[in-house]
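Engineer: This is the structure I have questions about; it appears just below.
The values are calculated or read from the model by the stated rules, or taken from the named source; none is laboratory data. Please read all numbers here as calculations on a predicted model, not as lab measurements. Cβ atoms come from the backbone with ideal geometry, glycine included; neighbour counts cover every protein chain shown.
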Amino acid sequence: MLRKQFPLRDGLVYLNAANVCPASLPVLDRHQHFLRDFEADPSFQNRAKFGPLRERVRVRAAQFFGVTADEIAFTRNTSEATNTIVHGLNLKAGDEVMLIEDNHPSNLDSWKNQAKRLGFSLNILPMTQLIDSAEQLAAKVEAGFTPKTKVVSLTHVTSSTGVLYPVAEICRRAREKGIWCHVDGAQSGGMLPVDLRRIGCDSYATSSHKWLMGPLEAGVLYVASYRQKEVWPSIVSVGYSEDGKGGARFLEAYGQRDDARLVALDATFEFLTMIGMASVEARIRQLTTHLMNELAKNPKVQLRTNRKEELYCGVVKADLPSVADLRAFDAKLYSDHGMAFSVTPSGPIRGIRISPHVYNSIEQMNAVAEAFRKA
């Protein structure tokens, strides 16, 4: 019944949630309804309803992430949300930002670019997918802190190999040293129950088009209320205010927005809340654990994902060293079996990335394992 809530075509085994997910039918219906409404009457009078509707979505998002509505700003995606923090903090020469090598480019290259401009230094921690425990991972990050560290910007779940970082513990250690902790939640929002108060980060960014299964170009940025005065907006347009009464809304004064898209976010959070995030996480863990157990039986497969339960969820990276051209193999899996993945064709994290969601099944995981056996 759940899989029928998605418009996925028959025969498609879609396993690329870490890149983009199909929106559920309730989300599509909500978006299309309000888009048609807008286009039928773009007058100020008709559009007036979008203000209260947008605020209702803000409240829903805040409840979903365990914070207040005044701490939520709407962006287009995780990249824009993270870059709002990158470009908004007052960093200077002599300051240091700590990063993780397997951060997504929006949380790695953006800092590199800003460091060139402002002169602050970067401390980049090497990839850590094969570490033994969450405690060791938190300790490794903390060991990189220096008296100059002003920001640590890390990924909750890496898109490269699926490492689940103990962000709550890392944020606690960073907070004790007065370090701003930014979390890239592109791979955790909608995959895991995310309580930002418990995590204790200063800012958090996520996209609705991945695990949240919402519309494209609708993202969420959380900035803790006590930190908001430390962030400069990247864009200032109609609706901008410096009085502080609007909370994080000053970070979303972009001018004209696709209000229908933002209103569709309401259905996004409603749909996941109806299922229950604990059930969503349990199902994703069941699928990925089963898949890794099956792949591990295949001597031709080299798993790049850490198999310790506390260090993975949702993203599986598997290499076939005997297959010279992974792109060709990936293309054949799609053409012959309707299997859609993401592929890294070379380098230390070479492999095929498999990222299932609640619309996938155990039978599909078995089919993937069988296709790999026949490689």
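A quick yes/no check of all residues on (1) assigned by TED's automatic domain parsing to the domain that holds H104; (2) assigned to a helix (DSSP H, G or I):
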{"site": "L262", "(1), (2)": "yes, yes"}
{"site": "T268", "(1), (2)": "yes, yes"}
{"site": "I284", "(1), (2)": "no, yes"}
{"site": "L295", "(1), (2)": "no, yes"}
{"site": "P321", "(1), (2)": "no, no"}
{"site": "F329", "(1), (2)": "no, yes"}
{"site": "S346", "(1), (2)": "no, no"}
{"site": "I349", "(1), (2)": "no, no"}
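Engineer: Mind counting the residues in segment 23-68 that are over 16 Å from L272 (Cα atoms), of a type in the set (S, T, N, Q) and surrounded by 12 or more Cβ atoms within 10 Å (Cβ to Cβ)?
Structural biologist: 3
Engineer: Which one of S237, S225 is surrounded by fewer than 17 Cβ atoms within 10 Å (Cβ to Cβ), in contact with a helix residue (DSSP H, G or I) (Cβ under 8 Å, 6 or more places away or on another chain) and farther than 24 Å from V27 by Cβ?
Structural biologist: Values: S237 fails: in contact with a helix residue (DSSP H, G or I) (Cβ under 8 Å, 6 or more places away or on another chain).
Only one candidate passes the filter, namely S225.
Engineer: Do any residues in segment 196-208 that are at negative phi and in the same structural domain as L89 (by TED's automatic domain parsing) have Cβ atoms under 9 Å from those of residues that are among the basic types (K, R) and assigned to a loop (DSSP other than H, G, I, E, B), where the two are at least six apart or on different chains, and which pairs are they?
Structural biologist: Short answer, once both residue conditions are applied: S207/R76.
Engineer: When you go through (1) at positive phi; (2) surrounded by 17 or more Cβ atoms within 10 Å (Cβ to Cβ) one by one for G338, which number turns out not to apply?
Structural biologist: Condition (2) is where G338 drops out.
Engineer: Find the residue count for segment 209-249, including only residues that are part of a loop (DSSP other than H, G, I, E, B) and within 24 Å of the chain's Cα centre (by Cα). Give the derivation first.
Structural biologist: Initial filter on segment 209-249 (part of a loop (DSSP other than H, G, I, E, B)): 209-218, 224, 232-246.
Still in the running and within 24 Å of the chain's Cα centre (by Cα): 209-218, 224, 232-235.
Within segment 209-249, residues that are part of a loop (DSSP other than H, G, I, E, B) and within 24 Å of the chain's Cα centre (by Cα) number 15.
Engineer: Among the residues of segment 1-45, write down those that are within 16 Å of K210 (Cβ to Cβ), in a loop (DSSP other than H, G, I, E, B) and out of contact with any Lys or Arg (no Cβ under 9 Å at 6 or more places or on another chain).
Structural biologist: F6, L8, P22, A23, S24
Engineer: Only one of G11, G51, G66 is more than 22 Å from the chain's Cα centre (by Cα), at positive phi and of a type outside the set (V, I, T). Can you tell me which?
Structural biologist: G11
Engineer: So which residues in segment 341-368 are among the small types (G, A, S) and either surrounded by fewer than 21 Cβ atoms within 10 Å (Cβ to Cβ) or closer than 20 Å to D10 by Cα (or both), if there are any at all?
Structural biologist: S342, S346, G347, S355, S361, A367
Engineer: Looking at L53, L99, L12, L35, which one is modelled with pLDDT of 95 or more, outside the structural domain of I124 (by TED's automatic domain parsing) and more than 19 Å from L251 (Cβ to Cβ)?
Structural biologist: Every option except L12 fails the conditions.
Engineer: Inspect segment 60-71 for any residue being among the hydrophobic types (A, V, I, L, M, F, W, C), touching a His at 6+ places or on another chain (Cβ under 8 Å), touching a residue at least 60 places away in the same chain (Cβ under 8 Å) and more than 30 Å from F341 (Cβ to Cβ) and give the result as yes or no.
Structural biologist: No, segment 60-71 contains no residue that is among the hydrophobic types (A, V, I, L, M, F, W, C), touching a His at 6+ places or on another chain (Cβ under 8 Å), touching a residue at least 60 places away in the same chain (Cβ under 8 Å) and more than 30 Å from F341 (Cβ to Cβ).
Engineer: Then there is this: Of all residues in segment 1-50, which are out of contact with any Phe, Trp or Tyr (no Cβ under 7 Å at 6 or more places or on another chain), polar (S, T, N, Q) and closer than 24 Å to L333 by Cα?
Structural biologist: Result: N19, single match.
Engineer: Moving to a separate point now. Taking C313 as meeting all but one of (1) closer than 16 Å to G162 by Cβ; (2) at pLDDT 95 or above, write down the number of the exception.
Structural biologist: (2)
Engineer: Considering each residue of segment 282-310, count those that are within 14 Å of L164 (Cβ to Cβ), touching a strand residue (DSSP E or B) at 6+ places or on another chain (Cβ under 8 Å) and either surrounded by fewer than 16 Cβ atoms within 10 Å (Cβ to Cβ) or free of Cβ contacts under 8 Å to residues at least 40 places away in the same chain (or both), and give that number.
Structural biologist: Residues flagged as within 14 Å of L164 (Cβ to Cβ), touching a strand residue (DSSP E or B) at 6+ places or on another chain (Cβ under 8 Å) and either surrounded by fewer than 16 Cβ atoms within 10 Å (Cβ to Cβ) or free of Cβ contacts under 8 Å to residues at least 40 places away in the same chain (or both) within segment 282-310 amount to 2.
Engineer: Restricting to segment 76-112, count the residues that are farther than 19 Å from K210 by Cα and charged (D, E, K, R).
Structural biologist: 6
Engineer: OK, next. Just to be sure before I move on: is V358 touching a residue at least 12 places away in the same chain (Cβ under 8 Å), within 27 Å of G219 (Cα to Cα) and in a helix (DSSP H, G or I) in the structure I sent? Break it down into steps so the answer makes sense when it comes.
Structural biologist: On the way: touching a residue at least 12 places away in the same chain (Cβ under 8 Å): yes; within 27 Å of G219 (Cα to Cα): yes; in a helix (DSSP H, G or I): no.
Answer is no for this residue.
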